[in-house]
Amino acid sequence: MPRQTKTPTKDPSVVPLPWLDPSWMEKADMFGSRFFDQFAKVNIETLDKTETLIEDHMSFVRGRVHADFEYAKALSKARDPMEVTRIMSEFWEKMMSDYSACAESSGEKMREFAAKACETSMEIAEVSGEAASSVEEAISKATKSTAA
């Protein structure tokens, strides 16, 4: 005896998947694009800032190496203990001043970089929040339309 098939009825427990809806896909693409644009921006900024720090550090090291060699030359030419003391004192004073200035400059740049990174992170979080709200809204609509 052949089985008769029932006509399909709406099952309220089945919720359609929102990502199969073309309008939701367009929104997801838009948010995905914005999200990855922000990540690309972060990567570019990070590389730029890192390059700046490295260039500054290398410039500082070049200057210090030059000063160290000049110190050694001046010290080797000194003949008087008072002159040796003066050369050493000036060298140490200049060295401490240079290192202090470098640390302050690097610290200030790091603070600037961290503030910019925080700002960009907040932008990423905002895009993520908008995307999550969009998904929640799409699921809510799909649930309501299915239940109706």
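Here are the numbers for the structure shown:
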item	result
Unmet criterion (only one of (1) touching a residue at least 12 places away in the same chain (Cβ under 8 Å); (2) open to solvent by less than 60 Å² (accessible area, probe 1.4 Å)) for residue 110	(2)
Any hit, segment 55-75, residues being of a type outside the set (Ser, Thr, Tyr), surrounded by 14 or more Cβ atoms within 10 Å (Cβ to Cβ) and closer than 26 Å to residue 121 by Cβ	yes
Residue match in segment 43-54 (condition: more than 21 Å from the chain's Cα centre (by Cα), of a type in the set (S, T, N, Q) and assigned to a helix (DSSP H, G or I))	no
Filter pass, residue 130 being closer than 17 Å to residue 45 by Cα and of a type in the set (D, E, K, R)	no
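The values are calculated or read from the model by the stated rules, or taken from the named source; none is laboratory data. As the structure is a prediction and not an experimental result, all values here were calculated from the model. Every residue, glycine among them, receives a Cβ derived from its backbone with ideal geometry; neighbour counts consider all protein chains shown. For accessibility, only protein heavy atoms count, side chains too; no ligands or nucleic acids. Shrake-Rupley method; radii C 1.70, N 1.55, O 1.52, S 1.80 Å.
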